Amino acid sequence: MCNLFHVFFVIFSILWLNQGGLCVQGYCKDIVNNSVILRLKEHLFCSYDTDVRPTDQDRNATVVRFGLYMRQFDVDDLTNVVDFHVWVRLVWNDPFLTWEPSEYDGVNSIHVMSYEIWMPDITIHSATTMGADGVPAIECWLNHTGNIFCVPAMSYTTSCESDSTWWPYDMINCTIHIGSWAYHAHEIDLRFIKFDEEGQLTVDIQDKNTQWEMVEFTQSERLVNSKFGLYFSTKYLSYHILLKRHSSMHGAIYVTIVVVLMTMTLMTLWLEPRSTERMIIANLNFVLHLWSVQDLQWMLPYTGNRPPALLLFYENSLALATFTLILTSVLRHMQELTAQAPVWISSITVSILKSRVGQVFLVSILDPKASARIEMNVDDNTNLVSFDKQETTWRYTSVLIGWLAFVSVFFVYVIMLIVVLPTDRSANIFSAKT
């Protein structure tokens, strides 16, 4: 009895399901016959294979036109990697997806998803990350002649070449190589899209970068050997991008520091060696130089084949500050000597002090009393011992050394300003030569 009940239950269930199915079929909407778009898609994608390259004959190449619209870019100074956020425009013809608009109520174009059609495997070949990331799933536009238009938003990450020689007026040179990942040049003929009627390449950056600006954007194409090593070539479309740093803030800060350090170094050499102010400024100048070099080291990018010129300027200025500090200590000790000076030191000092240059620039400016003393002894060929104490000889010698040091350091700074100090003009000249 129990088995008979199970049999009746199974039969009832089957009949109820069939009745429900008939009911569903009876109330199903006839969407295909009522929608022109669905009827057109059934016509287009019937037996359509998304893995088959669209061409009438296999030996004919599929022409794919590629355009790059720059929207935004981000620069990583530490790794020298740049992220370019772009809009990519892909245009090609698929002869398998054509129709007569008159047969479909005059429909000339439809929207299709990228995974429904054959997509060219166009990808970046200069990426820093592994893998061949193609076009993401997007909505494309298809017209009745088989022309397909796709505009995906892409992010291309690539390593760039930088030269921080003239930091903060440095530049970054980037190249983006675009090409097919698996097809050779006789299968996919990749071509540029003209951006305007004159064929000029234009850049429309929506979000401006606060630290860098794009100063050059050019393109080129070339054939390269296939990565598969199968004796065929792949066509590359290359975009050459030159970025230049916004240097107004960095330039103002570090150039101001350069002027301050130069002034302190020259002021130290101008002051009297025995003065307390000179020793204080000399030590403070040395500490500020150390702090400036340390601060600049943290700001400079660790890239480039040449050391930054600004760092060389700071290091050379630090060497001059060290020399000034040591010289100040030596001159202070020299003026306190009471021992008799060697004859050759006295002779050289007297000959220089008796000259017109010595009197104008050294004696008359730093010690007017010494000028009168030397004029009284102008016919005396002896050394300074004949008219003053022994310590006076050391004092005049220290004044002479200090004056020569001031002039020498001044001219060294002038040469450094001309040769080493980075400017926008020097950076442009260097970039043009390289």
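A compact table of results
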| quantity | calculated |
| --- | --- |
| Estimated distance in nm for a label pair at residue 210 and residue 294, the labels positioned 7 Å out from Cα along Cα-to-Cβ | 2.8 |
| Segment residue 333-residue 74, length gained on full extension (0.36 nm per residue, minus Cα span) | 87.5 nm |
| Fully extended contour minus Cα-Cα distance, from residue 145 to residue 65, at 0.36 nm per residue | 27.2 nm |
| Residue exposure sequence - 150, 174 - by fewest surrounding Cβ within 10 Å | 150, 174 |
| Quarter of Cα convex hull surface for region 36-245, i.e. mean projection, nm² | 14.1 |
| Cα-projected label distance for residue 322 with residue 272, points at 7 Å along beta-carbon direction, nm | 3.1 |
| Virtual spin-label span in nm between residue 186 and residue 104, 7 Å along Cα→Cβ | 3.4 |
| Ascending count of other beta-carbon atoms within 10 Å, so fewest first, for 411, 232, 84 | 411, 232, 84 |
| Residue 190 long-range amide H proximity, modeled H, under 5 Å | 64 |
| Fewest-first ranking of 415, 193, using other Cβ atoms within 10 Å as the exposure measure | 415, 193 |
| Contour excess over end-to-end distance, with Cα ends at residue 121 and residue 58 and 0.36 nm allotted per residue | 21.0 nm |
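Here, each number is a calculation from the coordinates, and none is a lab measurement. This one's a predicted model, so the numbers in the text were calculated from it and none came from an experiment. No Cβ is skipped: glycine too gets one built from the backbone with ideal geometry, and neighbour counts run over all protein chains shown.
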